[in-house]
Amino acid sequence: MGESIYFTDNFFSAGKTEIYNGNQEEIGSLDLKSAFSSGVDILDREGNIVVKGSFRFLSSKWNVKDQNEQEIGKLKKRLSLFSKKYVYHSYHHGDYEINSEAFSKEYNILDQDGNTVATFKKVSGFFRSPAFELNNHSSKLSTEELVAVVMGVNMIIKRNNNNAAGASGGGS
């Protein structure tokens, strides 16, 4: 527990990317669906789906499901002026606040008592595309579930950036 893991976002292309531990050993993978569906499956080392994440249909909420397609949580952005805030509602373990300072690439995931249960940040390193480093200290949330949450935060940010770019593009 508490070991860092690393995974990449394929950016706009679909396909698999590896999840590594700190020793650069593959411990699983992400299967990114098409850029349009914005879904992701988190797979174990044997290639079995452990957790899935995707947007609800025509919604800005990110759903997290288990391998049996049962919803286990949902992520949403919380309005905030000077920081980035999200709330992950785990159906089994309650609400977790995810926050970051306005220009920071580091995020904290806090439980209901304000304790940091995980951290993640965007890093550059031995990956070709931007990667995330996740450090899970939680005894309740699995690393795979947290990977789905991190990817959800990333997808919400991307969607908001794309919408803002489209809105300022001089359209109607």
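The values are calculated or read from the model by the stated rules, or taken from the named source; none is laboratory data. Nothing here was measured: the structure is a model prediction, and the numbers come from that model. Virtual Cβ from ideal backbone geometry, glycine too; neighbours counted across all protein chains shown.
Descriptive notes on the structure:
- Meets criteria (modelled with pLDDT of 95 or more and in a loop (DSSP other than H, G, I, E, B)) for Glu46: yes
- Qualifying residue in segment 49-60 (condition: farther than 20 Å from Thr17 by Cβ and either at pLDDT 95 or above or of a type in the set (Ser, Thr, Tyr) (or both)): yes
- Identity of the residue in segment 105-121, of a type in the set (Asp, Glu) and not in a strand (DSSP E or B), that ends up nearest to the chain's Cα centre (by Cα): Asp111
- Boolean, Val117 is modelled with pLDDT of 95 or more and touching a Lys or Arg at 6+ places or on another chain (Cβ under 8 Å): yes
- For segment 62-85, the tally of residues that are aliphatic (A, V, I, L, M), over 12 Å from Glu145 (Cβ atoms) and either in a strand (DSSP E or B) or in contact with a Leu (Cβ under 8 Å, 6 or more places away or on another chain) (or both) stands at 0.
Residue by residue, here is whether (1) under 21 Å from Ser138 (Cβ atoms); (2) touching a residue at least 40 places away in the same chain (Cβ under 8 Å); (3) surrounded by 18 or more Cβ atoms within 10 Å (Cβ to Cβ) holds:
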position: Gly22; (1), (2), (3): yes, no, no
position: Trp62; (1), (2), (3): yes, yes, yes
position: Ser90; (1), (2), (3): yes, yes, yes
position: Gly94; (1), (2), (3): yes, no, no
position: Ala102; (1), (2), (3): no, no, no
